[in-house]
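See below for the structure under consideration.
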């Protein structure tokens with residue numbers, strides 16, 4: 001997986017993405033859009049699915065406040 005042309009560094013325990021879906025081709029986001037991935041990459045319905053695609057900021061509710069995985073980075077997220 002690449003973000004802005006740079007390969008994303010992940011821990012080796014991350015599950016392999018079996019289907020890139022719409023991300024098979026480069027995805028360009030508008031300033032208010034996000035490309036979201038589910039935590040179970042092999043079975044999640046997320047931005048890779050054409051029915052979901054890019055998510056606008058106005059469609060995001062709630063706030064992440066804790067990270068549980070990977071365990072080496074477990075803890076509260078900074079504001």
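Each of 44, 72 has some number of other Cβ atoms within 10 Å of its Cβ, and from fewest to most they run 72, 44. Derived from the Cα gyration tensor, the three semi-axes of the equivalent ellipsoid of the chain are 21, 18, 13 Å, largest first.
When 17, 66 are ordered from fewest to most other Cβ atoms inside 10 Å of their Cβ, what list results? Lowest count first: 66, 17. Note on residue 73 and residue 40: their simple-model spin labels are 2.2 nm apart, each label 7 Å out from Cα toward Cβ. Computed over the chain, relative contact order equals 21 percent, with contacts defined as Cα pairs under 8 Å that lie 6+ residues apart.
No lab work stands behind these numbers, since they all come straight from the coordinates. Worth saying up front: this structure is predicted, and the values here are computed from it rather than measured. As a convention, Cβ positions derive from the backbone with ideal geometry for all residues, glycine included, and neighbour counts pool all protein chains shown.
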